[in-house]
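Since the structure comes first, as structure tokens, the remarks are kept for the end.
Each reported figure results from applying straightforward, stated rules to the coordinates on display, with no laboratory input. As the structure is a prediction and not an experimental result, all values here were calculated from the model. With ideal geometry, Cβ positions are generated from the backbone for all residues, glycine too; neighbour counts draw on all protein chains shown.
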Amino acid sequence: MSALVTSPAVADKESRARLSAVVEYVLAEARKSGASAAEAGVNISQGLSLTVRLGEVETVEHTRDKGMGVTVYFGQRTASASTTDFSETALRETVRAACTIAKYTAEDDCAGLADPERLAKDIPDLDLHHPWNPSTERAIELSRAAESAARGLDKRITNSEGGSLSTHEGLEVYGNTHGFLGTVAATRHSLSVSVIAQDDSGMQRDYWYTVARAAAGLESPEKVGLEAARRSLRRLGSRKLSTRDCPVLYEAPLASSLLSHLVSAVRGSSLYRQASFLLDSIGKPVFADFVRIHEQPHLKGAQGSAAFDSEGVATKPRDLVRDGILQGYVLDSYSARKLKMATTGNAGGVHNLTIEPGRDDLAALLKRMHTGLLVTELIGFGVNMVTGDYSRGAAGFWVENGEIQYPVEEITIAGNLKDMFQHIAAVGSDVDARGNIRSGSILIESMTVAGS
Amino acid sequence: MSTNMLTLARKSLLEPAGLGETELMRLIGQLMSGSVDYGDLYFQYSRHESWSLEEGKVKSGSHSIEQGVGVRAVAGEKTGFAYSDEIVLPALLEAAGAARAIVQQGAQARVPVAFRGEAGRQLYRPDDPLASLPDEAKVKLLERVEQEARAQDPRVKQVMASLASTHEVILVARSDGTIAGDVRPLVRLNVTVIVESNGRREQGSSGGGGRFTYDYFARADQALSYAREAVRQALVNLDAVEAPAGTMPVVLGPGWPGILLHEAIGHGLESDFNRKGTSAFAGKLGQRVASEQCTVVDDGTIPDRRGSLNVDDEGTTTQKTVLIENGILKGYMQDTLNARLMGVAPTGNGRRESYAHLPMPRMTNTYMLAGKYDPGEIIASVERGLYAVNFGGGQVDITSGKFVFSASEAYLIENGKITRPVKGATLIGNGPDVLTRVSMVGNDLQLDPGVGTCGKEGQSVPVGVGQPTLKIDSLTVGGTQG
């Protein structure tokens with residue numbers, strides 16, 4: 001069973017050379033077809049995803065993907081095309097498809113590659129590539145250990161959605177006709193458990209996961225399983241709350257969602273389309289005055305690290321918010337030109353966006369809140385980026401005297417993001433660094449909770 | 001007629017790769033070792049294009065091609081899966097070897113001697129929508145939509161419109177000898193506008209589509225009607241006041257608000273969660289889960305609908321499945337794996353995003369049948385409540401049963417009359433009992449315009465929803481005015 005995957009290394013020298021050759025071939029074809037400029041990205045990846053449920057293997061999925069995307073420019077007209085077939089014929093046809101579309105798109109002053117002087121020159125090693133290739137047996141063993149730790153914690157853990165291990169290795173090469181050619185090899189491994197707790201009050205499900213670039217950076221299966229079980233158990237006996245205004249504390253794993261709303265609001269494409277509640281906000285106080293939010297693109301081994309963005313532009317550490325004041329937007333070359341500004345190296349998104357942690361851990365934040373709602377789950381998409389109006393389904397815990405009283409569910413929390421940002425009362429020291437946005441728990445002074 | 005689909009699928013998926021029944025048999029033979037109960041091969045070829053307009057110009061367009069084969073081996077509750085984006089025999093044999101490795105080597109299982117074509121349906125024409133209109137005309141269509149939106153009102157500041165289509169051909173070959181093909185067109189047009197008045201900005205969106213070609217949008221000014229609708233919604237929202245907070249009667253409009261059914265009961269009635277006992281609906285078959293007035297079906301057989309399929313992604317002919325009849329839970333939506341493990345027949349709900357994803361039970365078009373009340377009568381019956389007619393997205397926690405869906409156009413009902421528009425708000429409820437509080441079902445059943453996309457475990461598939469106007473006696477409304 002173990003030797004089932006033949007794993008040609010995804011990111012060896014040969015693959016790098018092969019993908020670079022694909023990029024160069026595509027760029028040359030674009031030139032040949034009359035394009036004045038072009039850019040192309042090529043990627044290959046492989047992985048294994050495995051789930052053990054109730055101690056037995058449920059699914060074993062082998063993934064192996066590849067793709068090529070090209071954007072062509074004919075002066076100020078542009079179009080793009082992609083394919084999963086790397087044969088010369090398919091690559092040529094894909095370039096042709098893009099060129100055909102570009103005949104019909106409109107002239108756009110702002111279209112074009114990134115300015116050459118902004119392209120990354122030195123590409124530091126960000127420690128993102130640590131292939132693992134566990135045998136299937138090993139992957140089963142880890143998933144099973146994580147799930148069984150969860151199931152063994154308490155007899156009220158009655159059912160499971162399983163323990164899952166996933167490992168992924170990818171190689172990407174991006175190039176453009178300014179002569180830029182950059183390569184990124186990266187790995188991502190994760191272990192997760194989702195279990196169901198049950199008592200007379202009904203069933204509750206929760207989960208936990210660990211993720212790292214290197215297998216050694218993963219939390220132990222036991223730790224993941226126990227945390228998943230603890231989270232499911234604590235939700236048993238959830239009640240509704242009556243409708244009220246009160247302080248709301250977002251637990252760290254959810255707090256990053258508030259920052260992702262900020263990113264959506266200050267993204268260039270939202271701004272030039274006037275589809276944001278934060279138009280013309282640079283230099284203005286958008287957050288409470290102690291808040292600092294910054295990007296750390298060059299953190300070694302982190303989930304959001306990148307030396308260059310998806311246009312080849314060099315990334316730079318920077319403050320997005322300092323002393324509560326918005327310092328800049330999140331721009332790619334196109335939206336920057338639209339706004340008569342310079343790209344911030346954010347084509348494709350932000351890189352390790354971090355809200356500066358405070359001194360209080362979660363327990364201290366609960367004390368500080370005194371009476372209010374600790375939110376541990378959000379569902380739904382009730383956020384209007386044009387107005388900032390916010391209304392989402394929530395579950396969590398009612399807190400009095402700084403202590404958790406009982407779990408709550410089937411409630412909504414609502415407000416306006418503008419006010420919520422201004423009224424952040426504290427940021428926790430309990431930073432969740434598993435994602436591209438890193439945040440401790442965030443306490444908001446007041447929101448409307450709707451319930452019974 | 002439907003062998004026609006299979007013939008087309010063979011022609012575009014197997015013939016270019018030099019694959020015939022002998023090779024398919026060999027691949028299935030490779031999959032089926034001792035304890036493998038079931039195996040299948042899923043061939044897919046799809047082309048997709050999109051064109052988008054903003055600031056009065058079609059600034060960008062894109063085209064993509066995706067093709068490959070997913071290979072699956074199932075033994076009891078175990079599934080082994082691998083895929084290849086190269087449709088050539090050696091790569092497929094390797095994928096089959098990887099997929100079957102979930103079980104120990106054993107005696108060769110029985111492999112069928114011949115394939116038998118699945119009947120399938122003929123719900124839409126196997127046309128290629130990308131080729132249904134010259135590129136120039138696609139651009140013109142979007143420009144006309146933009147002009148129509150701007151012509152509605154001077155307060156329209158931004159118009160964004162997109163036109164997209166997919167031409168997809170699939171072929172499924174199964175270890176039980178079933179072979180099926182489908183050619184699935186899908187088109188969609190969307191418009192979003194931003195209006196501004198006295199410094200206040202609001203947005204409105206509209207769109208539609210289905211399994212046909214771009215011709216649909218030219219018919220009866222269909223595309224222009226989306227532009228007008230988006231502007232209408234945005235202007236309504238300019239006058240919206242804060243939404244109420246708390247539990248109150250809620251009247252849902254017909255059509256797209258059927259997202260209620262999709263979230264509140266649809267996902268909870270997918271058979272995987274029920275076989276595993278993780279759904280809040282597990283073990284409730286035959287029990288009352290809705291008021292007597294409620295009959296809800298999942299129907300993959302409606303001609304031309306976005307959620308319809310001639311055969312599902314496991315080659316099973318689609319059907320109309322009764323989920324809830326007069327309030328009693330009647331059935332689940334099944335794929336082959338869960339149907340076999342539960343000892344029932346599949347219902348044609350086995351779906352997957354692509355060859356690179358495993359199939360699972362998914363909805364097609366889920367809707368509630370019409371009742372007896374006049375919509376006006378329903379609104380008149382509410383003293384104070386919410387009337388919600390347009391929605392953004394929704395989500396559900398299958399296990400606790402709690403679900404949300406977010407209104408993007410809603411009004412207060414005061415003393416039986418629709419009064420002021422209110423801002424969008426999220427509505428939250430409990431799936432297993434929300435429909436027990438449905439006290440009036442309208443006679444105005446509508447299906448949505450063809451805009452739904454459902455996500456489950458990271459896989460997106462096109463779906464439809466529908467319902468008549470209906471009244472829920474109490475539901476929590478997540479506004480800010482307590």
Based on the mean of other Cβ atoms within 10 Å per residue, sort peptides B:427-433, A:277-283, A:302-308, A:54-60 so the most packed one is first.
B:427-433, A:302-308, A:54-60, A:277-283
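Could you compute the net charge surrounding A:Leu353? Neighbours are other residues with a C-beta less than 9 Å from the C-beta of A:Leu353; K and R count +1, D and E count -1. Provide the component values of the computation, followed by the final result.
Values: positive: A:Arg438; negative: A:Glu295.
Within the 9 Å Cβ shell, the charges total 0.
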Among A:Ala255, A:Ser305, A:Val10 the positive-end extreme of the charge dipole of the protein assembly as shown (Cβ point charges):
A:Ala255
Dipole magnitude (debye, nearest 20) for chain B, charges at Cβ of Lys, Arg, Asp, Glu
400 debye
Which of the three applies to the protein assembly as shown, rounded, prolate or oblate, going by the alpha-carbon gyration tensor with a ≥ b ≥ c and a/c under 1.5 meaning rounded?
rounded
Once you put a point 7 Å from the Cα of A:Arg18 and another 7 Å from the Cα of B:Asn198, both along the Cβ direction, what distance in nm separates them?
6.5 nm
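By per-residue mean of other Cβ atoms within 10 Å, what is the highest-first order of A:223-229, B:220-226?
Working: A:223-229: 23.9, B:220-226: 17.3.
Result, highest mean Cβ count within 10 Å first: A:223-229, B:220-226.
Starting from the alpha-carbon convex hull of segment B:122-194, give the projected area averaged over all orientations, in nm².
That works out to 6.8 nm², a quarter of the Cα hull's surface.
Compute and list, largest first, the equivalent-ellipsoid semi-axes of chain A from the alpha carbon gyration tensor, each √(5λ) rounded to a whole angstrom.
Numbers: eigenvalues 329, 193, 64 Å².
Calculated on Cα positions only, the semi-axes equal 41, 31, 18 Å.
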Can you pull out the chymotrypsin sites (Phe, Trp or Tyr not before Pro) in segment A:84-159 whose DSSP state is coil and whose Cβ has at most 11 other Cβ atoms within 10 Å?
none
Would you be so kind as to identify which of B:Gly458, B:Ser52, B:Gly210 lies farthest towards the positive end of the dipole of chain B, taking Lys and Arg as +1 and Asp and Glu as -1 on Cβ and the Cα centre as origin?
B:Gly458
Cα gyration tensor shape of segment A:292-342, rounded if a/c is under 1.5, else prolate or oblate by comparing a/b with b/c:
oblate
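Working out 0.36 nm times the residue gap between A:Tyr406 and A:Thr158, then minus their Cα-Cα distance, what length gain in nm do you get to one decimal?
Values: separation 248, 0.36 × 248 = 89.28 nm, distance 2.12 nm.
My answer for the length gained is 87.2 nm.
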Provide the FRET efficiency to the nearest 0.05 for the A:Leu279-B:Ala119 pair, computing r from the beta carbons and using R0 = 60 Å.
0.60
Considering the zone a paramagnetic label at B:Asp153 would reach in this model (a point 7 Å from Cα along the Cα-to-Cβ line), which residues of segment A:257-280 have amide N under 12 Å from it?
none
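Treating only the Cβ atoms of Lys and Arg (+1) and Asp and Glu (-1) as charged, compute the dipole magnitude of the protein assembly as shown about its Cα centre; round to the nearest 20 debye.
Values: 97 positive and 112 negative charges, 69 e Å.
Dipole size: approximately 320 debye.
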By the scheme Lys and Arg +1, Asp and Glu -1, what is the net charge of all other residues having a beta-carbon under 14 Å from that of A:Thr177?
-3
Once Lys and Arg are counted +1 and Asp and Glu -1 for all other residues with Cβ under 12 Å from that of A:Ala229, the total becomes +4
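Add -39500 (n - 2.57) for each DSSP H run of 4 or more in chain B, then divide by its residues: what number comes out at 222 nm, to the nearest 500 deg cm²/dmol?
Working: 10 runs with 92 residues, N = 482.
Taken over chain B, the calculation gives -5500 deg cm²/dmol.
In units of 2.2 N^0.38 Å, what is the alpha-carbon radius of gyration of segment A:125-250?
Working: Rg = 19.9 Å, N = 126, 2.2 N^0.38 = 13.8 Å.
So the Cα radius of gyration is 1.44 times the expected 2.2 N^0.38 Å.
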Can you give me the three principal axis dimensions of chain B from its C-alpha atoms, in Å, biggest first?
73, 56, 35
Dipole axis of segment B:265-311 (+1 Lys, Arg; -1 Asp, Glu on Cβ), positive-most option in B:Thr301, B:Thr278, B:Val311
B:Thr278
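Could you work out Rg/(2.2 N^0.38 Å) for segment B:415-463, with Rg from alpha carbons only?
Details: Rg = 15.7 Å, N = 49, 2.2 N^0.38 = 9.7 Å.
In units of the globular-protein estimate, segment B:415-463 measures up at 1.63.
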Counting other Cβ atoms within 10 Å, keep those with at most 16, restrict to DSSP loop, and tell me which trypsin sites (Lys or Arg not before Pro) in segment A:97-202 are left.
A:Lys103, A:Lys121, A:Lys155, A:Arg156
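I need the fraction of alpha carbon pairs in segment B:363-452 separated by more than 18 Å, rounded to a whole percent. Spell out each step's value before the answer.
Values: 2268 of 4005 pairs.
Pairs farther apart than 18 Å: 57 percent.
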May I ask you to derive the FRET efficiency for B:Glu15 and A:Asn133 from their Cβ-Cβ distance with R0 = 35 Å, giving the value to the nearest 0.05?
0.40
Rg to Rh quotient for segment B:1-121, alpha carbon positions, Kirkwood Rh
1.12
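Using a Förster distance of 60 angstrom, determine the FRET efficiency expected from the C-beta separation of B:Glu23 and B:Arg232, and round it to 0.05. Walk me through the intermediate numbers first.
Details: r = 56 Å, r/R0 = 0.93.
The computed FRET efficiency comes out at 0.60.
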Can you tell me the Rg and the Dmax, both Å, for the Cα atoms in segment B:214-327?
18.9, 50
Using a simple charge model, +1 on the beta-carbon of Lys and Arg, -1 on the beta-carbon of Asp and Glu, nothing else, what dipole does chain A show about its Cα centre, in debye to the nearest 20?
400 debye
